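A short reminder: the numbers here are calculations on the coordinates, not readings from a lab. These figures come from a predicted structure and were not determined experimentally. Every residue, glycine as well, gets a Cβ built from its backbone with ideal geometry; the counts of neighbours run over all protein chains shown.
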Amino acid sequence: MKLPPLQRAAQGRILFGVCAGVARGFGVDVVLVRLVFAGLVVLGGGLGLIAYGALILLLPREPGPVTPWPERSRTALGLLILLVCALVGLAVNSLFVPVRILVPAALLAGGVALVWRQVVAGRAEGERPALGELARVVVGVALLAGGAVVFLLDSGNLAELSSALVAAAVVATGLGLLVGPRLVRARAEAEAERRERIRTEERAHVAARLHDSVLQTLALIQRVDDPRQAQSLARRQERELRGWLYGGEEPGQAETLAHALRAAADEVEEHYGVAVDLVQPSDGPLDEDLAALAAAAREAMTNAGRHAGVGEISVLARVSDDEASVFVRDRGAGFDPDAVAEDRRGVRESIVGRMARIGGRATVVSAPGEGTEVELVLPRRVRTER
Amino acid sequence: MNVPLRKVVIVDDHEIFRAGLRAGLGPTVQVVGEAGTVEEAVPLIRAQDPDVVLLDVHLPDGGGHAVIPAVHAERPGVRFLALSVSDAPEDVLATIRAGARGYVTKSISPEELVAAIHRVADGDAVFSPWLAGFVLDAFAGTAAAPAARIDPELDSLTAREQEVLLLIARGYTYKEIASRLHLSVKTIETHVSSVLRKLQLSNRNELTRWAAQRRMI
């Protein structure tokens, strides 16, 4: 059976939730624990109280709402007063531990407990200590020092000093042994849980992505009879998935020439059922000129898809500081560029004219049966970095 | 024409892809073995001594570039052709620099792949359009840093080599390039082999850094 982590109870507490928390942590009846603590206080004098106080400091408080004070005020107050009375009475009468040892011992134990908790709790690497943690350590050290000073001022009696020190050390060590490993384990469990959560979230993200894209497309392909359409669906999906896996194309990213050409190629592939083999070793941000270049290249790809009658179009796009160039090539039917009718706006206007307007040039090399190659070259104006 | 029979080992972790590859290789290529991991591949290649190994750039227990040095000492005659669906340029570059004679993408047509196998078996180099475009820009793009030059012969491409690479990147076959440049196919092959040598031997770190910045899509 896995026991809950040891912490001070928020619900069902009377004073600070120590007894309830310990009882829950070890799976025993809370009444039993309370009796043991009461016994410790009465029989062990201050040691019982010191142990209780140290546990208050050592154990983290259970998250969640705390039982409101009015509900338990009477019991708690009564108990508190009883405890204090018993202790003071015992101490004053020097029946068990004299006051002048009890006070510094309490200080020492409190200090040890505070420091110990800080040491055990630790923190993730690189995490900066919170102000509260620092304060706790400072207070802990101050308590230790205070305890020692009180002792020395009181008597200078080495025997008593050592007996109080031993008492405090025994209490602190015992508590540490009891609580320390559990704190460490709780810490490790929380870390493991956090990692698992991140993994799960990542998996969910990938699953959602695959579902929206790949699974939908696969389902679609199964219902498509036309092999050409299935091919184009598969190709588009492949590109999309690849872009996601390797391209890191997230929405909101700046548009570049490569993105524009990729979109144009996708469209041509889809419309004409051809494969566009796109090679773009270098890229540049899509300014007005490059956008026009991309538009001309799109037109060239569309022409190749529409007229070439082959399954593949090769496209190379390069961008350097001096010029940007796009080559669109097919091994298809080809045509006689001189014989193209005046009214065919495609080549004349959308490609040659467009390139001329932005200060570039377009060359169309083709002959019937020889395939077609369109070369688009755009000298880039020297400009300062924006 | 008398085409010699080439013995080929396929190293790829996708069984379906291996089956598809095998089916398309035709009568001049004989598959003598298949492996899915580096661990399987190394002893298999040593035992079979094939002419060409079709090597996936990515394998579950390491890149394809882990296979080449492990085999090379014992079987220097075995040639490697890197093959991949879509990989980071630095991995492709690593495989080439480890000694592969070329790189093609898995979408290559069966006829072209067979031609590439024969070309590699003959000791020539094979560049996919993507690799050609990449190499072209890698050498051109880093030319602006002459201080880093270690060997000017190795660190730059001749005008003719650039011309050939540009045409490969534009989708030309060796034969088409030869006829366009009025050269023999053999000369084109020599130019590409020379580029491959530079790619493998150039000491420039920029090549690798350049590759790391690019993504192959």
statement: Those GluC sites (Glu not before Pro) from the stretch B:1-79 that are DSSP loop and have at most 13 other Cβ neighbours within 10 Å turn out to be B:Glu74
query: What base-10 log of the normalised intensity I(q)/I(0) is obtained for the stretch A:173-302 from the Debye formula, alpha carbons as equal point scatterers, at q = 0.17, 0.18, 0.19 Å⁻¹?
result: -1.00, -1.07, -1.12
query: If you count, for every residue in A:325-331, the Cβ atoms of partner chains within 10 Å of its Cβ, what is the mean?
result: 3
In the stretch A:255-286, the GluC sites (Glu not before Pro) that fall in loop regions by DSSP, at most 16 other Cβ within 10 Å: A:Glu255
- line: Mean per-residue count of partner chain Cβ within 10 Å for B:127-134 equals 4
Rounded, prolate or oblate (a/c below 1.5 giving rounded, otherwise prolate when a/b exceeds b/c) for the stretch B:76-137 by Cα gyration tensor: oblate
